[in-house]
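Encoded as structure tokens, the structure appears first; notes follow it.
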Amino acid sequence: DTEVTQTPKHLVMGMTNKKSLKCEQHMGHRAMYWYKQKAKKPPELMFVYSYEKLSINESVPSRFSPECPNSSLLNLHLHALQPEDSALYLCASSHLGTGRDTGELFFGEGSRLTVL
Amino acid sequence: GDSVTQMEGPVTLSEEAFLTINCTYTATGYPSLFWYVQYPGEGLQLLLKATKADDKGSNKGFEATYRKETTSFHLEKGSVQVSDSAVYFCALGQAGTALIFGKGTTLSVSS
């Protein structure tokens, strides 16, 4: 069982909709991540939160808006998406910023997004 | 900068065949090395890892040895099963930096 939980597992939305992806971890990690993944390709980093502050934004379009309400929760708000944004969105957490950091990421099972 | 190169495949094998997926890296410092697996329709799972040179990671019959002299972390399994069909990603990590992934290798095993 994964210790990083993502909801929903599947989401279909129109280009004018507003929706959110949610991620939760209870491993005490202080860093959380959003990745975008196309089929059979490596994940692409979107955002990193460290100690609840946004530390990395990989030039992601503003139609994706991350939010970290607390150290256990991470949201990704979606608005006015394009069909090319259809992908698997992966949340991850890690020991970044602590003495236990080896670079290892702990992934959730992902939210599969389809934009019509 | 740091990088990971892995054979892209696809790799097609019969059940019980021997598997090798090559992975080499370039890095400054002392990285940790990982193999992640992604089964069809699922997220990424850590398959195995090694945090220092000469360490061997193993899990589910898969093995990989961190070889600093050849900068390699090849994934091996002695006898693959249909259920091993998946995409395998080699990755390099260092404290304080983002994980670097290889391009992924698709493995298909037929019975």
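Could you sort the peptides B:2-15, A:94-107, B:88-101 by per-residue average Cβ neighbour count (10 Å cutoff), highest mean leading?
Numbers: B:2-15: 15.5, A:94-107: 19.3, B:88-101: 21.6.
In decreasing order of mean packing, B:2-15, A:94-107, B:88-101 become B:88-101, A:94-107, B:2-15.
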Query raised in the report: Dimensions of chain B along principal axes (Cα, Å, largest first)?
Result: 43, 27, 20
Requested in this report: Could you do me a favour and compute the accessible area per residue for the range A:1-104, 1.4 Å probe, result in Å²?
Outcome: 51 Å²
Report task. Please calculate the 1.4 Å probe accessible area of B:Tyr39, with all protein chains present, and give it to the nearest 10 Å². Result -> 40 Å²
Report summary line: For chain A, cysteines with no other Cys Cβ under 4.7 Å from their own Cβ are listed as A:Cys68
Query - In chain B, lysine pairs with alpha-carbon atoms under 18 angstrom apart (chain gap of 8 or more, or interchain) - result: 8
Query raised in the report: Taking A:Lys53 as the anchor, which lysines have their alpha carbon closer than 26 Å to its alpha carbon, excluding any fewer than eight residues away along the same chain?
Result: A:Lys9, A:Lys18, A:Lys19, A:Lys22, A:Lys36
Report summary line: Order by accessible surface, 1.4 Å probe, largest leading, for residues B:Lys49, A:Lys36 comes to B:Lys49, A:Lys36
Report summary line: On the formula 1/(1 + (r/R0)^6), with r taken between the Cβ atoms of B:Glu42 and A:Ala80 and R0 of 22 Å, the FRET efficiency rounded to 0.05 is 0.15
**Report entry** chain A - Rg (one decimal) and Dmax (whole number), Cα, Å
**Finding:** 13.5, 44
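Shielding by partners for B:99-106, please: the mean number of other protein chain Cβ atoms within 10 Å of each residue's Cβ.
Working: counts 11, 3, 8, 1, 3, 5, 1, 1.
Taking the mean over all residues of the peptide, I get 4.
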Requested in this report: Report P(r) for the protein assembly as shown: all Cα-Cα distances, bin width 10 Å, range 0 to the bin holding the largest distance, values in whole percent.
Outcome: 8, 33, 34, 20, 5, 0
Query raised in the report: Is there a simple number for the mean count of other chain Cβ atoms within 10 Å of the Cβ of residues in A:32-44, and what is it?
Result: 4
Query raised in the report: Chain pair A, B: how much accessible area is buried, both chains summed, with a 1.4 Å probe, in Å² to 100?
Result: 1500 Å²
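Partner chain Cβ atoms within 10 Å, averaged over the residues of B:40-50 - can you pull that number for me? It would help to have the intermediate numbers written out before the result.
On the way: counts 2, 5, 5, 18, 14, 4, 4, 0, 0, 3, 0.
Across the residues of B:40-50, the mean count of other-chain Cβ atoms within 10 Å is 5.
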Query raised in the report: Near A:His95, within a Cβ-to-Cβ distance under 11 Å, what is the net charge of the other residues, with Lys and Arg +1 and Asp and Glu -1?
Result: 0
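The values are calculated or read from the model by the stated rules, or taken from the named source; none is laboratory data. Keep in mind it's a predicted model, so treat the numbers as computed, not measured. Cβ: placed from backbone, ideal geometry, glycine included. Neighbour counts: every protein chain shown. All accessible areas refer to the heavy atoms of the entire protein, side chains included, with ligands and DNA or RNA removed. Shrake-Rupley method; radii C 1.70, N 1.55, O 1.52, S 1.80 Å.
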